[in-house]
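J.: I have a structure I would like to understand better, so I am pasting it below and will then ask my questions one at a time.
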Amino acid sequence: MVEINEAEVWDALHECYDPEIPVNIVDLGLVYNIDINKETGLVGVTMTLTSMGCPMAGEVVSEVEMRVGQVENVKACKVEMTFDPPWSTDKMTEDAKWELGMV
């Protein structure tokens, strides 16, 4: 049994940014779910992108896998992309909207 702190995983995700928008992916509402397997030490992240054709998708995925992989006791991180439900600005936190001048 491996002890992985879920709050630390979320903290790591807060350090990941969409390269085209200066807001972290959690506040943008791009992270839909995290799944921590305490038997294997694997963390699964289900997320989306602001647009289906995002040219920076590979960079975002690599950064998520790298940062979550650095959390204590995480053996590996696997990102699953989904576009269902599609992302919209409604998923953004108030802080993110404020940062982007949307409020």
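J.: Scan segment 1-57 for residues that are assigned to a strand (DSSP E or B) and either in contact with a Leu (Cβ under 6 Å, 6 or more places away or on another chain) or charged (D, E, K, R) (or both) and jot them down.
T.: Val31, Asp35, Met47
J.: Sort through Glu65, Glu99 and tell me the only one that's buried (at least 16 other Cβ atoms within 10 Å of the Cβ), among the acidic types (Asp, Glu) and in contact with a Lys or Arg (Cβ under 8 Å, 6 or more places away or on another chain).
T.: Criteria check complete, one pass: Glu65.
J.: While we're on this one: Of all residues in segment 74-92, how many are surrounded by 14 or more Cβ atoms within 10 Å (Cβ to Cβ) and within 30 Å of Val2 (Cβ to Cβ)? Before the answer, list the steps.
T.: Our first condition is that a residue be surrounded by 14 or more Cβ atoms within 10 Å (Cβ to Cβ); within segment 74-92, this holds for 74, 77-79, 81, 87, 91-92.
So of that shortlist, the ones also within 30 Å of Val2 (Cβ to Cβ) come out as 74, 77-79, 81.
Adding up the residues that qualify gives 5.
J.: Which ones in segment 47-103 are under 21 Å from Pro22 (Cβ atoms), in contact with a strand residue (DSSP E or B) (Cβ under 9 Å, 6 or more places away or on another chain) and among the acidic types (Asp, Glu)?
T.: Glu63
J.: What number of residues within segment 3-35 are more than 12 Å from the chain's Cα centre (by Cα), more than 16 Å from Ser62 (Cα to Cα) and either surrounded by 19 or more Cβ atoms within 10 Å (Cβ to Cβ) or touching a residue at least 40 places away in the same chain (Cβ under 8 Å) (or both)?
T.: Residues meeting the conditions: 6.
J.: Any residue in segment 52-67 that is closer than 19 Å to Trp10 by Cα sitting within a Cβ distance under 7 Å of a residue that is among the acidic types (Asp, Glu) and surrounded by 12 or more Cβ atoms within 10 Å (Cβ to Cβ)? List the pairs, counting only those 6 or more apart or interchain.
T.: Val60/Asp18; Arg67/Glu15
Throughout, read-outs are computed from the coordinates displayed, never taken from laboratory work. Remember, predicted model here, so these are calculated numbers, not experimental data. Neighbour counts run over all protein chains shown; Cβ positions are idealised from the backbone, glycine included.
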